[in-house]
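These notes concern the structure reproduced below.
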Amino acid sequence: MIFSKAGFGGAVADFEAAAVAQDAKRSGKAFVRLQETFGQAKEADLLDGGPRLAAVLEQVPPGPRAVVAVLVGACVERGADAERCAPGVRAGLRVALEAAAAFAGAWAATGGGAFPVPDDGEPGEEIVGRTGFDAAVGWWTLPQWEMAAVALLNHRGVRAGAGGERDELLRLLTAVEQASGRQFRSLGHALRVLDDEPLVALHRTSGTGYALRFFGIGDNFQLHTLLADALIGGGHVEGHAPSPHEVAVCRETPGQVDTVGSFDLTAPDGGRLWNEGAPADIPVVDGVRLLVLDEPSYRRSWPAGRFFPGMRGDVILERALEPEETERWFAHVSPAKELTG
């Protein structure tokens, strides 16, 4: 057939119409054109195309559906409305996770063994024979769904709109990871990002406490640097303050720059909270996340920056706690445990 419009915009229109009509031949041709024309797409076509493709994801077969979801995520990264695109991608991610969980169960029930590593093709006949086609495609396309979902979860409005569904998605992801032994770290961290989250930080050496609030923090490396800026850079406690550049790349400036740790991050029970973890690991005490800041037990350096380069994050100091408040919070705190091993 002759396409009425060239370029990515035309491919979107044809793919959309074919998906609605369930015209496999036409949608297949448009699917190829979507991939071929995306790189040269005009901004207006990307802004328009992302939401339109997201709206028809449910009507696309499971294999190409994941590729279209990646294109939606790429449109969002280039300016398309993330919140309009989110429902379709989120629904597709859930279906893929459910299918991947079914794959894990079927794999174990048919002899187990090392999980196959998805490649650029489709799952082979032997794998499909063991688990069923839909389950195999769910496992095979999960890396693509991770890419698409993370692109959207970079946006605070998308995270807010997901609400409690993020917990269910994380539950499914955790089950798949435990069964397969494979980590989908970017998706796991993105689903656990907290926004407008209150935090009480207790500085053990000075015996002072601080009420803070944070949002958009991908990992504890980023949190560490921003806490050091708020408390040490702000003149509230003594220690190593990060430079303005180190702080900027942890907020929204692109890139990375070397930094040095200012604290040991400690849980109220005295256990270590590692920089590789996420703020969601900080225990909740009396409805608020409670973190103890100890003197660094050794010098540690790393590239300061953001786990999610497209996600803006910050830590805001609201106030220093009164001595009586601080004392009440310290009543929940045990001495720091010594590291073993």
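The values are calculated or read from the model by the stated rules, or taken from the named source; none is laboratory data. None of these values were measured; they are calculated from a predicted model. Positions of Cβ are generated from backbone atoms using ideal geometry, with glycine treated the same way; all protein chains shown enter the neighbour counts. When the accessible area is computed, the model is the full protein with side chains, heavy atoms only, and any ligands, DNA or RNA have been set aside. Shrake-Rupley method; radii C 1.70, N 1.55, O 1.52, S 1.80 Å.
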List the number of the failed condition for Pro268; all other conditions in (1) touching a strand residue (DSSP E or B) at 6+ places or on another chain (Cβ under 6 Å); (2) open to solvent by less than 30 Å² (accessible area, probe 1.4 Å); (3) in a helix (DSSP H, G or I) hold. (3)
The correct count of residues that are in contact with a Pro (Cβ under 7 Å, 6 or more places away or on another chain) and touching a residue at least 40 places away in the same chain (Cβ under 8 Å) in segment 258-272 is 6
What residue, of Val76, Val95, Val70, Val20, is touching a residue at least 12 places away in the same chain (Cβ under 8 Å) and more than 21 Å from Glu165 (Cβ to Cβ)? Val20
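Being in contact with a helix residue (DSSP H, G or I) (Cβ under 7 Å, 6 or more places away or on another chain) and closer than 21 Å to Val176 by Cβ is the filter here; which residues of segment 140-158 pass it? Break it down stepwise before answering.
Quick first cut of segment 140-158, residues in contact with a helix residue (DSSP H, G or I) (Cβ under 7 Å, 6 or more places away or on another chain) only: 141-142, 144-153, 155, 157-158.
Thr141, Leu142, Gln144, Trp145, Glu146, Met147, Ala148, Ala149, Val150, Ala151, Leu152, Leu153 - these are the residues of segment 140-158 that are in contact with a helix residue (DSSP H, G or I) (Cβ under 7 Å, 6 or more places away or on another chain) and closer than 21 Å to Val176 by Cβ.
Scan segment 42-60 residue by residue and report those that are small (Gly, Ala, Ser) and surrounded by 17 or more Cβ atoms within 10 Å (Cβ to Cβ).
Within segment 42-60, Gly49, Gly50, Ala54, Ala55 qualify.
Here's the yes/no breakdown for (1) at pLDDT 95 or above; (2) surrounded by 13 or more Cβ atoms within 10 Å (Cβ to Cβ); (3) out of contact with any Lys or Arg (no Cβ under 7 Å at 6 or more places or on another chain); (4) of a type outside the set (Lys, Arg):
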site: Phe3; (1), (2), (3), (4): no, yes, yes, yes
site: Val12; (1), (2), (3), (4): yes, yes, no, yes
site: Asp23; (1), (2), (3), (4): no, yes, yes, yes
site: Ala30; (1), (2), (3), (4): no, yes, yes, yes
site: Gln40; (1), (2), (3), (4): no, no, yes, yes
Looking at Glu83, Glu122, Glu98, Glu126, which is the one that is open to solvent by 70 Å² or more (accessible area, probe 1.4 Å), part of a helix (DSSP H, G or I) and modelled with pLDDT under 95? Glu126
For segment 205-245, which positions are of a type in the set (Val, Ile, Thr) and within 22 Å of the chain's Cα centre (by Cα)? Ile217, Thr225
When segment 129-158 is checked residue by residue, the ones that are crowded, with 18+ Cβ neighbours inside 10 Å and part of a loop (DSSP other than H, G, I, E, B) are Asn154, His155
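Hey, among Gly88, Gly112, which residue is within 20 Å of Ala55 (Cβ to Cβ) and open to solvent by less than 30 Å² (accessible area, probe 1.4 Å)? Spell out how you get there, then give the answer.
Values: Gly112 fails: within 20 Å of Ala55 (Cβ to Cβ).
Answer to the check: Gly88.
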Log entry, pairs with first residue in segment 223-236 being within 15 Å of Pro279 (Cβ to Cβ), second being of a type in the set (Asp, Glu), beta carbons closer than 7 Å, six or more apart or on different chains, reads Thr225/Glu246; Leu226/Asp314
Pair list, Cβ < 8 Å and 6+ apart or interchain, from segment 114-143 residues that are farther than 11 Å from Leu97 by Cα to residues that are outside any helix (DSSP H, G or I) and open to solvent by 40 Å² or more (accessible area, probe 1.4 Å): Phe115/Gly181; Phe115/Arg182; Arg130/Thr110; Arg130/Gly111; Thr131/Thr110
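Suppose we filter Arg192, Arg213, Arg204 for residues that are touching a helix residue (DSSP H, G or I) at 6+ places or on another chain (Cβ under 6 Å), of a type outside the set (Ser, Thr, Tyr) and in contact (Cβ under 8 Å) with a residue 40 or more places away in the chain; which single one remains? Lay out the reasoning, then the answer.
Values: Arg213 fails: touching a helix residue (DSSP H, G or I) at 6+ places or on another chain (Cβ under 6 Å); Arg204 fails: touching a helix residue (DSSP H, G or I) at 6+ places or on another chain (Cβ under 6 Å).
Exactly one residue qualifies, and that residue is Arg192.
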